[in-house]
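Trainee: Quick one: structure below, then a few questions.
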Amino acid sequence: MRYLEEFSDPALARGLLDDIRAAVTRPWALMEVCGGQTHTIIRHGIDQLLPEGIELIHGPGCPVCVTPLEIIDKALEIAARPGVIFCSFGDMLRVPGSDRDLFRVRSEGGDVRVVYSPLDALRIARENPDREVVFFGIGFETTAPPNAMTVHQARRHGIRNFSMLVSHVRVPPAIEAVMTSPDCRVQGFLAAGHVCSVMGVDEYPELAARHRVPIVVTGFEPLDILEGIRRTVRQLERGEHTVDNAYPRAVRPEGNPAARAMLADVFEVTDRAWRGIGTIPRSGWRLSPRYREQDAEHRFDVAGISTREPERCRSGEVLQGLLKPNQCEAFGGECTPRTPLGATMVSSEGACAAYYLYRRLGAPATPQEATPVV
Amino acid sequence: MCLAVPGRVVEIAERDGTRMAVVDFGGVVKDVCLEYLPDLAVGEYAIVHVGFALQRLDEESARRTLALFAELGLLQEEFGDPWEAAADAGPRGEAKP
Ligand code: SF4
């Protein structure tokens with residue numbers, strides 16, 4: 001039990017695990033939707049502490065991993081153009097496009113800048129009126145409101161040299177896709193806490209009822225995850241399938257109304273291709289026609305891109321929970337965070353990176369031994 | 001990327017018609033937009049994601065989370081220099097020793 005000592009409150013962790021153990025009478029498969037939760041689970045060995053028969057299936061909730069290759073290639077092409085300042089969150093730097101990544105574009109002379117916030121990109125646009133500043137707007141419902149506000153501000157302040165390349169994704173349609181897949185083994189969901197901090201929980205009861213699957217809003221810390229698992233297992237054992245909030249300290253039922261209003265103004269729902277998975281109906285947001293001026297896809301002619309995925313990468317199966325990363329033949333040999341074949345090996349939320357950092361040699365590495373990934 | 005870090009509001013100021021704050025994340029200080037939580041006051045805690053306060057948090061749970069993140073090195077990951085980290089990983093296809 002070497003891991004329990006690493007929990008902030010080992011006694012509480014033990015209590016939750018005992019509760020889970022006492023409740024379980026048969027095997028159950030749960031999916032944690034969010035890649036941040038996957039990292040916590042693998043880092044702390046939570047999957048190995050659970051009673052036998054409780055399986056955690058890692059979900060598609062890594063925004064960097066599911067951003068379609070075509071959008072990545074568009075980003076790379078725009079970033080390489082003279083006169084453009086391309087701004088992005090740090091996670092995107094090493095995500096492989098068809099033949100390069102942003103890191104490479106920068107080393108070849110592209111002006112690629114990493115920002116902490118989309119508002120930093122807007123400031124760069126103000127400071128460089130003679131340059132085109134493009135921000136790479138990806139992420140789930142947590143990241144969409146900051147990006148929406150930034151686009152809104154650009155229009156309000158008439159900052160004409162700012163635009164955004166938008167590829168946002170939404171969690172509920174992804175849950176729908178997982179549940180309707182013929183290979184689906186998932187019986188309960190840990191829903192992503194911070195997505196619900198923004199959106200609230202009202203999209204989930206219908207999903208839970210229709211698919212007869214418990215959905216438990218869960219936080220990101222080890223104890224949060226154990227609590228989410230405990231509540232999901234309790235529902236499963238009782239034959240219940242409701243929405244439960246195990247992260248009330250950060251999630252109110254209505255979410256953040258101001259953020260939701262801004263999302264409704266700036267974005268519109270669209271079908272979106274998820275890298276490695278395929279198109280999921282109504283699973284994304286794009287800029288609404290009112291914000292066409294701020295849309296980088298409209299401003300830059302980037303049509304006619306032909307994409308090429310490395311054949312050996314099985315990240316699509318990993319993202320759908322059909323394959324554990326260490327079952328991929330390239331894992332840890334040909335494919336490492338230094339030489340990633342797929343985005344799931346690059347992102348700090350990718351399942352392949354989590355396994356590489358903490359599970360490569362069979363036993364988890366201590367945090368000090370682990371190489372940081374972007 | 002969905003990591004959201006709790007921080008404490010140190011100072012509030014209107015800037016270009018936008019409600020902004022200086023927020024302290026266990027020693028690292030950042031500018032944060034308060035437009036989505038306009039009634040957040042100095043001394044209060046919120047979870048912050050990419051420079052935006054998204055939801056209020058009580059002080060005790062905020063402190064606990066910050067302590068845990070600091071211990072796990074997650075604050076460094078969130079606020080550290082991503083170019084350095086990317087360079088550390090070496091150019092694509094050429095593993096660095
Ligand atoms: S280990 Fe590498 S090649 Fe295999 S699925 Fe993961 S990213 Fe793709």
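The values are calculated or read from the model by the stated rules, or taken from the named source; none is laboratory data. All figures in this text were calculated on a predicted structure; none of them were measured in a lab. We place every Cβ from the backbone using ideal geometry, glycine too, and count neighbours over all the protein chains shown.
For every residue, the table says whether it meets (1) at the interface with chain A (Cβ under 10 Å from one of its Cβ atoms); (2) at pLDDT 75 or above; (3) farther than 23 Å from A:Ala144 by Cα.
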| position | (1), (2), (3) |
| --- | --- |
| B:Val9 | no, yes, no |
| B:Gly27 | no, yes, yes |
| B:Tyr36 | yes, yes, no |
| B:Val50 | yes, yes, no |
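Trainee: OK, next. State all residues of region A:286-324 that are assigned to a helix (DSSP H, G or I), within 16 Å of the ligand (Cβ to nearest atom) and either hydroxyl-bearing (Ser, Thr, Tyr) or modelled with pLDDT of 95 or more (or both); if no residue qualifies, say none.
Mentor: Taking region A:286-324 as the starting set, the residues that turn out to be assigned to a helix (DSSP H, G or I) are A:289-294, A:296-299, A:315-319.
Now restrict to residues that are within 16 Å of the ligand (Cβ to nearest atom): A:315-319.
A:Ser315 - this is the single residue of region A:286-324 that is assigned to a helix (DSSP H, G or I), within 16 Å of the ligand (Cβ to nearest atom) and either hydroxyl-bearing (Ser, Thr, Tyr) or modelled with pLDDT of 95 or more (or both).
Trainee: OK, next. For region A:341-363, what are the residues that are hydroxyl-bearing (Ser, Thr, Tyr) and modelled with pLDDT under 90?
Mentor: Looking only at region A:341-363, we keep the residues that are hydroxyl-bearing (Ser, Thr, Tyr), and these are A:344, A:347-348, A:355-356, A:358.
Within region A:341-363, A:Ser347, A:Ser348, A:Tyr358 qualify.
Trainee: Still on this structure, please answer the following. Give, as residue ranges, the strands (runs of 3 or more DSSP E) completely inside region A:19-113 that count at least 3 residues that are farther than 20 Å from A:Gly276 by Cα and among the hydrophobic types (A, V, I, L, M, F, W, C).
Mentor: Values: elements: A:28-34, A:54-61, A:84-88.
Result: A:28-34, A:84-88.
Trainee: Considering A:Pro63, A:Pro68, which residue is within 30 Å of A:Glu309 (Cα to Cα) and within 14 Å of chain B (Cβ to nearest Cβ)?
Mentor: Working: A:Pro68 fails: within 14 Å of chain B (Cβ to nearest Cβ).
Checking each option against the conditions leaves just A:Pro63.
Trainee: Right, next: I'd like the full set of residues that are of a type in the set (Val, Ile, Thr), within 11 Å of chain B (Cβ to nearest Cβ) and more than 13 Å from the chain's Cα centre (by Cα), limited to region A:136-170.
Mentor: Listed by number, the residues that qualify are A:Thr150, A:Ile159.
Trainee: Output the number of residues of region A:119-160 satisfying the condition of being touching a strand residue (DSSP E or B) at 6+ places or on another chain (Cβ under 9 Å), without any contact (Cβ under 8 Å) to a residue 40 or more places away in the chain and not in a helix (DSSP H, G or I).
Mentor: Qualifying residue count for the region: 2.
Trainee: Taking the criterion of being in a loop (DSSP other than H, G, I, E, B), surrounded by 19 or more Cβ atoms within 10 Å (Cβ to Cβ) and not hydroxyl-bearing (Ser, Thr, Tyr), would at least one residue in region A:260-274 satisfy it? Before you say what the answer is, go through the steps one by one.
Mentor: Let us first name the residues in region A:260-274 that are in a loop (DSSP other than H, G, I, E, B), namely none.
No, there is no match, as no residue in region A:260-274 is in a loop (DSSP other than H, G, I, E, B), surrounded by 19 or more Cβ atoms within 10 Å (Cβ to Cβ) and not hydroxyl-bearing (Ser, Thr, Tyr).
Trainee: Could I ask something else about it? Go through (1) among the charged types (D, E, K, R); (2) touching a Leu at 6+ places or on another chain (Cβ under 7 Å); (3) modelled with pLDDT of 95 or more and name the single condition A:Glu206 misses.
Mentor: (2)
To keep it simple, each residue is scored yes or no on (1) more than 20 Å from A:Ile72 (Cβ to Cβ); (2) at pLDDT 90 or above.
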residue	(1), (2)
A:Gln327	yes, yes
A:Phe331	yes, yes
A:Thr339	no, no
A:Ala365	yes, no
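Trainee: Which ones in region A:340-353 are assigned to a loop (DSSP other than H, G, I, E, B) and near the ligand (Cβ under 9 Å from one of its atoms)? So that I can check it myself, show each step before the final result.
Mentor: Here is the first cut: in region A:340-353, the residues assigned to a loop (DSSP other than H, G, I, E, B) are A:340-342, A:346-350.
Passing the criteria: A:Pro340, A:Leu341, A:Gly342, A:Val346, A:Gly350.
Trainee: May I ask you to list the residues in region A:114-138 that are within 17 Å of A:Val64 (Cα to Cα) and crowded, with 18+ Cβ neighbours inside 10 Å?
Mentor: The first filter runs over region A:114-138 and keeps only residues within 17 Å of A:Val64 (Cα to Cα), leaving A:114-118, A:135-138.
Within region A:114-138, A:Val114, A:Val115, A:Ser117, A:Pro118, A:Phe135, A:Phe136, A:Gly137, A:Ile138 meet the criteria.
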